[in-house]
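The values are calculated or read from the model by the stated rules, or taken from the named source; none is laboratory data. Computed from a predicted model, the values in this text were never measured in an experiment. So basically every Cβ, Gly included, is an ideal-geometry build from the backbone, and we count neighbours across all protein chains shown.
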Amino acid sequence: MKAPKELKVKPIRNGTVIDHITANKALNVLKILGLPSKEAAVTIAMNVKSSLMGKKDIVKVEGRELESREVDKIALIAPKATINIVRDYEIVGKSKVTLSNHVNGILKCPNPNCITNTNEPVTSKFSVMDMGPLMLRCYYCERIMSNQDIEKQFK
Ligand SMILES: [Zn+2]
């Protein structure tokens with residue numbers, strides 16, 4: 001008996017393919033993108049074999065290109081992700097997500113007494129302490145945020 005062929009995912013005409021997502025994080029990525037929605041067709045592949053990563057997830061979003069703020073959020077959940085922009089079935093742009101040393105205005109500090117959680121008009125600000133697993137420190141109250149704390153905000 002022949003081995004079943006690998007299931008091929010239909011190519012998209014216009015939109016974004018997010019590849020090399022950390023395995024099992026596809027649903028967090030959808031949450032970041034506010035998907036699924038009525039407008040965008042979404043295809044998800046989870047735990048796909050990857051020579052680079054062992055296993056990975058892939059998300060294809062038809063009819064939507066990502067905003068830089070969304071890409072910054074994806075970097076927190078899937079630091080190896082690549083963003084492919086597809087127009088008329090061709091990949092016209094390919095980029096890696098990048099995590100800068102500071103994460104501003106994206107995450108909420110877990111410390112309820114932190115100045116960023118009061119009525120003061122202060123935007124949250126974290127420094128990256130460690131890249132893998134990701135660990136951040138609040139600039140104001142020095143509370144450490146672990147990888148799990150970060151993921152909780154995108155569930
Ligand atoms: Zn804080």
Test ASN84 against the stated conditions and say whether it is at pLDDT 95 or above and in the same structural domain as ILE144 (by TED's automatic domain parsing). no
The residue from GLY15, GLY34 that alone is of a type in the set (Gly, Ala, Ser) and crowded, with 17+ Cβ neighbours inside 10 Å is GLY15
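Taking the stated definitions as given, is ILE44 in contact with a helix residue (DSSP H, G or I) (Cβ under 7 Å, 6 or more places away or on another chain) and either free of Cβ contacts under 8 Å to residues at least 40 places away in the same chain or assigned to a strand (DSSP E or B) (or both)?
Details: in contact with a helix residue (DSSP H, G or I) (Cβ under 7 Å, 6 or more places away or on another chain): yes; either free of Cβ contacts under 8 Å to residues at least 40 places away in the same chain or assigned to a strand (DSSP E or B) (or both): yes.
Yes.
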Residue list for segment 110-130, restricted to those being under 23 Å from ILE77 (Cα atoms) and either more than 10 Å from the ligand (Cβ to nearest atom) or not assigned by TED's automatic domain parsing to the domain that holds CYS141 (or both): THR123, SER127, VAL128, MET129, ASP130
